[in-house]
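Reviewing the structure listed below.
We did not get these values from a lab; they are worked out from the coordinates using the rules stated. What you see is a predicted model, and the numbers here were worked out from it, not measured in a lab. In this analysis, Cβ positions are derived from the backbone assuming ideal geometry, glycine residues included, and neighbour counts consider all displayed protein chains.
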Amino acid sequence: MALSKKETSILIEVVFSLVFSFIFLPLFYENQNDNLSSINNLIRKITPIIIFSVLYFLIAYAVLELIFKTKTTVDERDDMINSKSYKLGYLLYELSLFVFIGMLLTNSILQNTGEIIFLIISLLLFVSIIKSIYQLYLYRTS
């Protein structure tokens, strides 16, 4: 069973999230003791991420457009699937935000900014992966 253009686009997002988690997330975990509030340290960490993201999506979507030359139409099913997946993503985000605030209130991660940034990025990455996989599941089953 072949994947449609929309399903391939969702797979591109999932692959990016997984690649990001394996390549760039350890950067924030290993350097938790660094002072990430300094603009120079922050720019040094974010610049390769931005360059990689732009190149990845530029190449991936250019190849996607070359493979699938037809224009996709958006119908009610697409709107329903998008709203369901974004609803799940929003609920997961709210839950993870609640957990994050609880951890801040118990002072368990208040010691350094590196751990806070790592936790925020991890939670956002988790929500993004789950939302995209659920969206792909809805496209494949409907």
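For the chain, averaging the sequence separation of C-alpha pairs within contact (under 8 Å, six or more residues apart) and dividing by the residue count gives a relative contact order of 49 percent. Stretching the chain fully between residue 64 and residue 44 yields a gain of 4.1 nm (0.36 nm per residue, less the alpha carbon separation). Its Cα gyration tensor gives the chain an equivalent ellipsoid, and the semi-axes of that ellipsoid, as √(5λ) in whole Å with the largest first, are 33, 21, 10.
Computed from backbone phi, the HN-Hα couplings of the stretch 63-69 come to 5, 4, 5, 6, 6, 9, 7 Hz, rounded to whole numbers (Karplus: 6.51 cos²θ - 1.76 cosθ + 1.60, θ = phi - 60°; Gly and Pro given as x). First select every other residue whose beta carbon is under 13 angstrom from the beta carbon of residue 141; then total the charges, Lys and Arg +1, Asp and Glu -1. Around residue 141, the surrounding residues sum to +2. As a proxy for reagent exposure, 94, 13, 76, 7 were ordered by neighbouring Cβ count within 10 angstrom, fewest first; the result is 76, 94, 7, 13. Going by neighbour counts of Cβ atoms within 10 Å, the residues 122, 17, 83 line up, fewest first, as 83, 122, 17.
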